Amino acid sequence: MTGPSGGRPPHPRAIAFVESPVQLLNVLEWAHASATGDACATGDASDALTVVVLSPTDPMSRGQLRRMAELARDEGFTVRWQDARGGAGAPLRTVRELSPLLRRAGRIVIGDPFSRYVQLLLTLVGTKELTVVDDGTATMEFIGQIARGERLVRWHRRGGSRGPRELVLAPVTAAARRRLTPSAARPVEVFTSMPVEDIPAGITVTRNTFEWTRATFGPPRVHEGADMVGTSLVETGVVDADQYIEAVTALARTHKAARYFAHRRESADKLHRLHLATGLEIVRPDLPLELIARRGPVGSTILSFPSTVVHTLPLALAGTGVRVAVCDIAPEWLKSSASPRAQGFLSGVTTTAKDVHRLPTTASPA
């Protein structure tokens, strides 16, 4: 895909549905990389792109989304905050209120094809152009499932029988999967910084290089020492909490880390335990980590477990000299209830990451 200088024709009016700060960041990156940015330069941003925030309920996500919404408005885009989870009647009310926007839009941009909410909205969009922007490492799994014709299931969910809610929503999920499966009449664009393989015919992959982030923030002041990036693998039921705290303690001691940038989904109790065990300063970022790191100050080494940031931070921090180092998840850290796919998926996240330093296994507890 070429940007504005490459002569790509501008998109028709686009509507983007986002549910997380990272999704909104990547919508801004997509707009910057595409001809939608031309409309902003000429003062037609509101016609070029409307961002609809399908607001989550947790306070950390809502806070980061409000900050990201401010940045989107500063770029000239229209942002609509939708309390889509405010009670039992909220989904139907939201669909009714968004129907006029859906009818006018020529392109639908989504950040999470696994979201039941987004899947419901996709059943209403017909043959409109469709773009999927990154929601982290889940993009890798999404493309693989579409290629294999599988139902859309997040990698950390266990397989087997589906519960009552899944059975009720099965027709919606099936319809959304058909809509996300490309055809000659319905091509699908995926805008991603993730490594993707075996791309199905009809899916166009556009690389996200975080050009907007680098142009807007930094370069950061880099100081000696290390910062750590938190993960929500405990909260999603993949990794045992005690094992995780032991691993963080070992990494912090080995690399003399001073700060721990918490994932927005990490629980307060776990973070309190981490602080007591390690002495790390716990930081609750008000923006996605790519922007926080680019804005600085930041340590010369950033330590992470397998997650999206091992792919995105090297792009956002290109040219700064900051080293991103990743520690694999040992099999014994996994909970017995974790998905059988968890170990393989997490290992793939690490092995496919470019421009990162892989830490030796001795950096973590045996």
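A few notes on this one:
- Pairs meeting the criteria (first residue in the stretch 298-327 and closer than 20 Å to A258 by Cα and in the same structural domain as K354 (by TED's automatic domain parsing), second residue assigned to a helix (DSSP H, G or I) and among the acidic types (D, E), beta carbons under 7 Å, at least 6 apart or on different chains) are L313/E290.
- The residue list T131, T127 contains one member that is out of contact with any strand residue (DSSP E or B) (no Cβ under 6 Å at 6 or more places or on another chain), among the β-branched types (V, I, T) and not in a helix (DSSP H, G or I), which is T127.
- Condition broken by T94, with the remaining ones in (1) within 16 Å of P21 (Cα to Cα); (2) buried (at least 17 other Cβ atoms within 10 Å of the Cβ) satisfied: (1)
- Which listed residue, of V298, V205, V239, is among the β-branched types (V, I, T) and within 28 Å of G321 (Cα to Cα): V298
- Taken over the stretch 171-199, the criterion of being closer than 16 Å to V118 by Cα and part of a loop (DSSP other than H, G, I, E, B) is satisfied by T181 alone.
- Restricted to strands (runs of 3 or more DSSP E) entirely inside the stretch 43-124, no element has at least 2 residues that are outside the structural domain of E19 (by TED's automatic domain parsing).
- Residues (assigned to a helix (DSSP H, G or I) and buried (at least 17 other Cβ atoms within 10 Å of the Cβ)) located in the stretch 200-223: W212, T213, R214
- Test result for Y244, of a type outside the set (V, I, T), buried (at least 21 other Cβ atoms within 10 Å of the Cβ) and free of Cβ contacts under 8 Å to residues at least 40 places away in the same chain: no
- Among the residues of the stretch 76-119, just one is modelled with pLDDT of 85 or more and at positive phi, namely G76.
- Condition check for E166: acidic (D, E) and modelled with pLDDT of 85 or more: no
- S300, sole failed condition from (1) in contact with a strand residue (DSSP E or B) (Cβ under 8 Å, 6 or more places away or on another chain); (2) surrounded by fewer than 17 Cβ atoms within 10 Å (Cβ to Cβ); (3) modelled with pLDDT under 95; (4) polar (S, T, N, Q): (3)
- Test: residue in the stretch 183-191 that is within 19 Å of A316 (Cβ to Cβ) and surrounded by 15 or more Cβ atoms within 10 Å (Cβ to Cβ): yes
- Residue match in the stretch 286-297 (condition: under 23 Å from V22 (Cβ atoms), among the hydrophobic types (A, V, I, L, M, F, W, C) and surrounded by fewer than 22 Cβ atoms within 10 Å (Cβ to Cβ)): yes
- In the stretch 314-361, residue surrounded by the most Cβ atoms within 10 Å (Cβ to Cβ) [restricted to those that are among the charged types (D, E, K, R) and over 30 Å from A215 (Cα atoms)]: D328
- Test: residue in the stretch 142-153 that is crowded, with 17+ Cβ neighbours inside 10 Å, at pLDDT 75 or above, of a type in the set (S, T, N, Q) and assigned to a helix (DSSP H, G or I): yes
- Qualifying position, being touching a residue at least 60 places away in the same chain (Cβ under 8 Å) and of a type in the set (G, A, S), among A268, A250, A258, A262: A250
- Flag for A226 being in contact with a His (Cβ under 8 Å, 6 or more places away or on another chain) and either part of a strand (DSSP E or B) or surrounded by 15 or more Cβ atoms within 10 Å (Cβ to Cβ) (or both): yes
The values are calculated or read from the model by the stated rules, or taken from the named source; none is laboratory data. The structure displayed is predicted, hence computed values, not measured ones. Cβ atoms come from the backbone with ideal geometry, glycine included; neighbour counts cover every protein chain shown.
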